[in-house]
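> Submitted below is the structure of interest, expressed as structure tokens.
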Amino acid sequence: MTEQRKATLRLGENTEPIEFPILSGSMGPDTIDIRTLYAKSGLFTYDPGFLSTASTKSNITFIDGDKGILLYRGYPIEQLATRCDFMEVCHLLLTGELPTDNQKQHFVNTIKSHTMLHEQLVRFYTGFRRDAHPMAVMVGVVGALSAFYHEAMDISDALHREQSAFRLIAKLPTIAAMAYKYNIGQPFIYPRNDLSYAANFLYMMFATPAEKYEPNPVIVRALDRILILHADHEQNASTSTVRLAGSSGANPFACISAGIACLWGPAHGGANEACLNMLEQIGDVSRINEYIKRAKDKTDGFRLMGFGHRVYKNFDPRAKLMRETCHEVLNEMGLHNNRLFKLALELERIALEDEYFVAKKLYPNVDFYSGIVQRALGIPTSMFTAIFAMARTVGWVAQWNEMIADPDQKIGRPRQLYTGTGHRDVPTDKINN
Ligand code: SDX
């Protein structure tokens, strides 16, 4: 990060100009360092939703929304999704480098040594209703991990942070699959460490004690790619939640639980589930224009799920890769005439030709096709966001770890523009009974 130019703020004709350093990173927009603004001017900035605010510096993920570029530690997502597997991407996000063969073997074995849950945690599930949403279960169970690792939760200790990262990456698939098994009343399936990360998740989801189950390699590869595409995404809402929770010194399990809670929202990670439900609701190509009309109607709360993005004002590169994966999986599964996929393709075509969507630069995002792919993989809709959380855990812990290790980091404590009632006194004749 280099300091070069300065930004000058003049608050009125006869006032002294106030100068602020402009900081440059390695790529992307420069930033005005306004940390001294309040001390020098008595003013706050006002930026709800952080449209123009860099909350931190980071070396992990870079996005250029205008060009549709997404890099993990400098590598384009298109190359990672086609040339690497999820474990290699996890190593990359956590350490900054793709692993050598030996490093990969060691990393994979380390993750595999943490895939099981403490048996006391297994009993935690029986406290939930059978129809509890998997995300509700994951918020609870991941947060409860805090109660099991007291010996390794000193966040100032890099080894403890690394241990917690491994535990979270390893246990999220087990926790998510168990949430699904609990929903459908089937027995929990323990992890099999002879399987790859994605294959083990599918095994824990769909195996039963009654029959032999071997995951389909096509489905395994597709799921592994879905995990790569969802692994990290700069300072999105759930990552910012994890960072803010972590800035208070909260333990990593509590922070990731907070991230899962935030991701659940339909404006964020919950959009894949909402998008599939929307496609089911539209039902037929003949009704697409009716829903496009509703999406443009400001008096109607309906939005086209899977469309639009705060950063991408061009194609989300993940959406393109997800569409390709969707095509491949449907063809492999003999589902190329899949009704929902054909509906999604037509909805995308119509929306991208509509001047409202063109003017507002609303393109399909990562969630638009991921629901269709996951449905084709046999994954129930209720599990779509749980899988997003499973994939994003590595990004969350990498960003959390970067924040804790950052000498600049302080507890996050935004201010406000107060618009409430001014000072007033409680009536003296009021009796405090
Ligand atoms: C993810 O941040 C990330 O990186 C997130 C994510 C990640 O990997 O972590 O990429 C994952 O969350 C993807 C986004 C999934 N959400 C959805 O698909 C839900 C539908 N999309 C929207 O709700 C919306 O587009 C957001 C939330 C994604 C972005 O909202 P912004 O940036 O705050 O934009 P906005 O709501 O201010 O919308 C700008 C304009 C508005 O119209 P005007 O007020 O200017 O007239 O575009 C309109 C909006 O009404 N608009 C839409 C729309 N999205 C925006 N209109 C119809 N349908 C939509 N989907």
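> Among Ala179, Phe388, Leu23, whose Cα projects farthest towards the positive end of the dipole of the chain, with charges put on the beta-carbon of Lys, Arg (+1) and Asp, Glu (-1)?
It is Ala179, whose Cα lies furthest towards the positive end.
> Let me ask you something else. Quick one: how many Å² of Ile256 are accessible to a 1.4 Å probe, rounded to 10?
Only protein atoms counted, so the area is about 0 Å².
> Does the range 288-347 classify as rounded, prolate or oblate by the C-alpha gyration tensor (a ≥ b ≥ c root eigenvalues; a/c under 1.5 gives rounded; else a/b over b/c gives prolate, otherwise oblate)?
oblate
> Further question on the same structure: Rg (Å, one decimal) plus Dmax (Å, integer) for the alpha carbons of the chain?
For the chain, the Cα radius of gyration and maximum Cα-Cα distance read 23.6, 83 Å.
> Once you charge only the Cβ atoms, +1 for Lys and Arg and -1 for Asp and Glu, what is the size of the charge dipole of the chain about its Cα centre, to the nearest 20 debye?
640
> As a test of reading the structure, rank Arg161, Arg375, Arg35 by solvent-accessible area (1.4 Å probe, protein chains only), most first.
Largest accessible area first, the residues go Arg35, Arg375, Arg161.
> Just the number: Rg to Rh for the range 3-83, Cα atoms, Kirkwood Rh, two decimals.
1.11
> OK, next. Less than 16 Å from a label point 7 Å out along the Cα-to-Cβ axis of Ser26: which backbone N atoms in the range 80-111 qualify, by residue?
Only 92-99 pass the distance filter.
> Could you look at the chain and say what percent of its accessible area is carbon and sulfur, using a 1.4 Å probe and all protein chains?
That fraction is 53 percent.
> In what sequence, largest accessible area first, do His268, His336 appear using a 1.4 Å probe?
Accessible-area ranking of His268, His336, largest first: His336, His268.
> Helix by helix through the chain, keep the DSSP H runs that span 24 Å or more along the axis on Cα and average at least 0.0 on Kyte-Doolittle, and give those back in order.
158-184, 384-405
> While we're looking at this one, here's another question. Using 1/(1 + (r/R0)^6) with R0 = 41 angstrom and r between the beta carbons of Lys361 and Glu16, what's the FRET efficiency to the nearest 0.05?
Efficiency, from the Cβ-Cβ distance: 0.55.
> Next question. What's the FRET efficiency of Ser382 with Ser55 using the Cβ-Cβ distance as r and R₀ = 25 Å, to the nearest 0.05?
The value I calculate is 0.20.
> So for the pair Arg339, Asp284, with labels modelled 7 Å out along Cα→Cβ, what separation do we get in nm?
1.0
The values are calculated or read from the model by the stated rules, or taken from the named source; none is laboratory data. This is a predicted model, so every value here is computed, not measured. For neighbour counting, all protein chains shown are included, and Cβ atoms are generated from backbone atoms with ideal geometry for every residue, glycine included. With ligands, DNA and RNA removed, areas are computed over all heavy atoms of the protein, side chains included. Shrake-Rupley method; radii C 1.70, N 1.55, O 1.52, S 1.80 Å.
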